[in-house]
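Worksheet: the structure to be examined is printed underneath.
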Amino acid sequence: MSRRGPPGLISDDVDERFTRSVAPLIRRLVLSRVSPDAITVAAFVITLGSAGLIVAGHLVWACALLVLGGVLDFTDGKVAVLTGRTSIKGAILDSTLDRYSDAAVCLGLLVFFARSGHEATALAAALALAGSAITSYLMALAGSYGRVLRAGLLRRQDRVALLAAGLLFSPLHGVLAGWIGPAAEAAPNLPLAAVVWGLAVLTNVSAVQRLLA
């Protein structure tokens with residue numbers, strides 16, 4: 001697909017390498033004759049589980065489920081194409097559950113930081129949700145006019161990758177706080193908070209880039 005506007009954080013070359021790496025999984029799903037819609041729903045349920053683990057503070061396990069849900073969400077369209085089961089219904093289901101997945105994860109982050117008394121970072125999670133929603137909406141709006149619009153620094157796979165990194169490295173908070181000293185005692189989880197604030201800014205920058213494109 002052609003791109004209008006600046007490239008995403010993850011290059012198309014990386015996308016292609018990732019596609020090759022999950023090709024065995026895609027082949028297995030094709031041979032199992034599983035419904036693409038079932039894969040879509042499974043990815044959604046797993047991502048909801050990730051959001052629940054974020055609220056509970058089990059951040060590394062939340063990362064594992066987020067990545068698994070993201071991989072399955074990536075494969076559903078490929079399976080639909082390879083099995084000849086593409087449909088408007090499936091595309092709408094996939095897009096809708098993607099938006100609910102994004103909202104669930106961001107709300108999970110909001111609750112996690114609000115519970116720990118870090119209201120500013122909780123607000124950043126809300127801003128990240130708003131930016132993600134507008135970015136996705138603009139792509140869908142362009143599609144309704146027959147245009148492919150992939151502009152913007154952060155696409156969905158970029159957002160998932162950044163968030164997964166923040167969750168994965170969240171156990172390093174203690175080490176980082178030790179380096180910073182007493183000033184970090186009242187700080188939120190530093191690796192995860194840094195990613196959330198980055199998403200709060202960059203998702204909205206992406207929305208503006210996409211609007212301009």
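So Ala194 fits all but one of (1) within 24 Å of Gly70 (Cα to Cα); (2) outside any helix (DSSP H, G or I); what number is the exception?
Unmet condition: (2).
Checking the structure you have, find out if any residue of the range 49-66 is within 19 Å of the chain's Cα centre (by Cα), open to solvent by 30 Å² or more (accessible area, probe 1.4 Å) and closer than 21 Å to Ala91 by Cα.
No, the range 49-66 contains no residue that is within 19 Å of the chain's Cα centre (by Cα), open to solvent by 30 Å² or more (accessible area, probe 1.4 Å) and closer than 21 Å to Ala91 by Cα.
Report every pair of residues separated by at least 6 positions or lying on different chains whose Cβ atoms are under 6 Å apart, first residue within the range 32-53 and closer than 22 Å to Cys106 by Cα, second surrounded by fewer than 18 Cβ atoms within 10 Å (Cβ to Cβ).
Thr40/Leu93; Ile46/Leu68; Leu53/Trp61
In the range 67-100, how many are surrounded by fewer than 20 Cβ atoms within 10 Å (Cβ to Cβ) and not polar (S, T, N, Q)?
Qualifying residue count for the region: 18.
So that you can scan it fast, the table gives a plain yes or no per residue for (1) over 21 Å from Val71 (Cα atoms); (2) surrounded by 14 or more Cβ atoms within 10 Å (Cβ to Cβ); (3) in contact with a Phe, Trp or Tyr (Cβ under 9 Å, 6 or more places away or on another chain):
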| residue | (1), (2), (3) |
| --- | --- |
| Ala104 | no, yes, yes |
| Ala120 | yes, no, yes |
| Gly131 | yes, yes, no |
| Leu153 | no, yes, no |
| Gly174 | yes, no, no |
| Ala177 | yes, yes, no |
| Asn189 | yes, yes, yes |
| Val205 | yes, yes, no |
| Val208 | yes, yes, no |
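Please specify each residue of the range 160-169 satisfying the condition of being assigned to a helix (DSSP H, G or I) and open to solvent by 20 Å² or more (accessible area, probe 1.4 Å).
Val160, Ala161, Leu162, Ala165, Leu168
The values are calculated or read from the model by the stated rules, or taken from the named source; none is laboratory data. Keep in mind that what you see is a predicted model, and the values were worked out from it rather than measured. Heads up, the Cβs are rebuilt from the backbone with ideal geometry, glycines too, and the neighbour counts pull from every protein chain shown. In case anyone asks, the SASA skips ligands and DNA or RNA and just uses the protein heavy atoms, side chains included. Shrake-Rupley method; radii C 1.70, N 1.55, O 1.52, S 1.80 Å.
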